[in-house]
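Data block below; observations after.
Please treat every number below as a calculation from the coordinates, not as lab data. What you see is a predicted model, and the numbers here were worked out from it, not measured in a lab. Methodologically, a virtual Cβ is constructed for each residue, glycine included, from the backbone with ideal geometry; neighbour enumeration extends over all protein chains shown.
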């Protein structure tokens, strides 16, 4: 057994040397090595990063991934401990504005040359690119994209409502929900009760009503926009959604209710694209549900971006530096992004990947098309519920207000607007 | 260390010299000093951090009371503090009453006492995360007790406290009482068993009935134990974290926030170490407000006992 492994490694190593002569020359005799931490240990996430590791090894590298299962915060605690001990991993999972925040506490790698060599910048959504180059230099690379405001429609609930048209605007959406309720769907909205779930309902509402107001209020924290009429309208919409939800969800995960959703006991779900993977994993068929972009009042798709990424921490060791270069090249590679997204159900970061081939679902194709359209019409914005729009402290302060509003129906929309503005002020 | 202890002569009174009792001294003092140093140094460090502008990682600098004022002004902390008052007082009172009742009932020289005692004490052996998770299922109206009663045919029955903002805090009280009234029972039972038999006999001769006997003779001797139980339960209430995290995770909305949840949230989810440390110090102050009077009380009580 050990002999075969060695031989395979040798073969893979020499194949990589042949395939990447320039790379091999530049790195001399050093064997690239990568220490990485992430929270991806199980399910499709674990499978995807393991597959990425295999590719890394095929290119002659040594892959040392230590997953920290559980919440993202636990991964961050490990990262914090390693940074404080002066021994950061060569690369770690981190996303959104946290990239900028964490890059202040330890030196990161300047990836500009590798990114330029790959011609990567022009195929990445501009808002997304900005997050990964906080001081004008690329220090992190996005890995995969999800939209947090995809609309999932239950086939059986649609039958009960005698409807076959996918709602485009919020008015269509509300109309369909009413029809579902009248047709015997107990809860027109399927939902969990977690904080991000509640946050997603709000961000989908506001961005769907006005992407410009979302950008100003949530991404730029413009105080006038925060108290503007669009934010109030979004809270009004959130209350409608909350009234259509099962009040018994407590703090349950959204996946708890997937069976009731497919059975037509619940009708629509506003959820990230990852729900497709969860539905498929639970054994449901593509015929059971339809995926479409979330409601948008100007009828052009709005895309709430959520992207996983890797940040690269400065290391002195030559093998780790070589490993970082190799990893960066791999993460930007269209073939690798295709492999990764096909495992997890996300869409590639690169907007030039062709999704018409086999291995992609209609939902993924629609998501990718929506992203392209949204970028073209400047309607691709960053998700606040999934920590893409603001740092964790500010995000949590905003979600506090939203989650309380969803659960407490005595709070009026105008009160929620004031509280949101106050929470932002207090957390800044 | 163990060798020295084992080598010390057994059965005979030990020599009073320090050398002869080296083993004992090492066994007691080394762990005691280590844990005290741990406790004190980390507490001091937390207090220091609470005055710094630390966010992601500890940073030096001085911001005065800014972290404290911002924690005290936050809705999260205010809700958590109100909840703590409500939860702490009702939980302590109810677990005290339940524990005492169980102890009195078990004290009636009943058959199967050992089995019953184990059953009542057993929840204490279960981790709070398990308690929280199990109760979150039982109390969930869609799958738990409410559904069971509905399935029996009583469909108008409602027991949805877990998802009701105003009642959710009581679900934590219920779960906490289930977990720890066995502990109160054990202490009370020990107290009941140590009541002077002569006292009881004298009361019987004087013609006291069972209720009067408990009220006038037995229970008054239990009050030192009562205070111990109150203090132990109170410090448990103040530091409650895992139970509420598993049961409601502070929800619905922010309805069941507790101080320990706020500390964790600030430090590890919002990456605001300074503010989290300030909240932790505030928790320490609340604890001291319980423990210092208790220490003072014990001190005076002992002094009175030795003088008398």
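The C-alpha atoms of chain A define a longest principal axis, and helix A:195-209 lies at about 70 degrees to it.
Only Cα sites of the protein assembly as shown enter the Debye sum here, all with the same form factor; the resulting log10 I(q)/I(0) across q = 0.07, 0.08 1/Å is -0.63, -0.79, listed in q order. For chain A, the 222 nm mean residue ellipticity estimated from helices alone, with every DSSP H stretch of n ≥ 4 adding -39500 (n - 2.57) and the total spread over all residues, rounds to -15000 deg cm²/dmol. Within 10 Å of the Cβ of each residue in B:136-146, the mean number of Cβ atoms contributed by other protein chains is 3.
Neighbouring Cβ atoms within 10 Å as the yardstick, rank A:230, B:113 fewest first. Write down the numbers at each step before the final one.
On the way: A:230 21, B:113 13.
Sorted ascending by nearby Cβ count, the order is B:113, A:230.
Within 10 Å of the Cβ of each residue in B:55-65, the mean number of Cβ atoms contributed by other protein chains is 3.
Centroid-to-centroid, using Cα positions, the range B:112-145 and the range B:65-82 are 33 Å apart.
Classify the range A:24-154 from the C-alpha gyration tensor, please: rounded if a/c falls under 1.5, else prolate or oblate depending on whether a/b exceeds b/c. Rounded shape, in that the Cα axes give a/c under 1.5.
Exposure proxy for B:105, A:394, B:22: other Cβ atoms within 10 Å of each Cβ, ordered fewest to most, give B:105, B:22, A:394. Each DSSP beta bridge with both residues in chain A is either parallel or antiparallel, and the antiparallel ones are about 60%.
The angle between the Cα long axis of helix A:43-58 and the main principal axis of chain A comes to about 20°, on a 0 to 90 degree scale. Using a Förster distance of 51 angstrom, determine the FRET efficiency expected from the C-beta separation of residue A:51 and residue B:29, and round it to 0.05. Once the sixth-power term is evaluated, E becomes 0.35.
In this label model, residue B:301 and residue B:287 are separated by 2.1 nm, measuring between points 7 Å along each Cα→Cβ vector. Rounded to the nearest 10 degrees, the inclination of helix A:229-243 to the longest alpha-carbon principal axis of chain A is 80 degrees.
With a 10 Å cut-off around each Cβ of B:264-270, the average count of Cβ atoms from other chains is 5. The per residue volume of the convex hull around the alpha-carbon atoms of the range B:75-307 is 163 Å³.
From the mean inverse distance of alpha carbon pairs (Kirkwood) and the Cα radius of gyration, derive Rg over Rh for chain A. List each step's numbers first, then the result.
On the way: Rg = 22.4 Å, Rh = 22.5 Å.
Using only Cα positions, Rg/Rh for chain A is 0.99.
Bridge orientation summary for the protein assembly as shown: considering DSSP beta bridges with both residues in this region, about 60 percent are antiparallel. The peptide list A:183-194, B:60-71, put in order of mean Cβ contacts within 10 Å with the highest first, becomes A:183-194, B:60-71.
Note on the range B:264-308 and the range A:244-277: Cα centroid distance 43 Å, given to the nearest whole angstrom.
Among B:223, B:297, A:40, B:170, which comes first, then next, by fewest other beta-carbon atoms within 10 Å?
Working: B:223 10, B:297 13, A:40 22, B:170 18.
Ranking B:223, B:297, A:40, B:170 by Cβ neighbours within 10 Å, fewest first, gives B:223, B:297, B:170, A:40.
Each of the peptides B:76-87, B:209-220 was scored by the mean count of other Cβ atoms within 10 Å over its residues; in descending order, highest first, they stand as B:76-87, B:209-220. Taking the alpha carbon gyration tensor of the range A:185-311, multiplying each eigenvalue by 5 and rooting it gives semi-axes of 27, 17, 14 Å, largest first.
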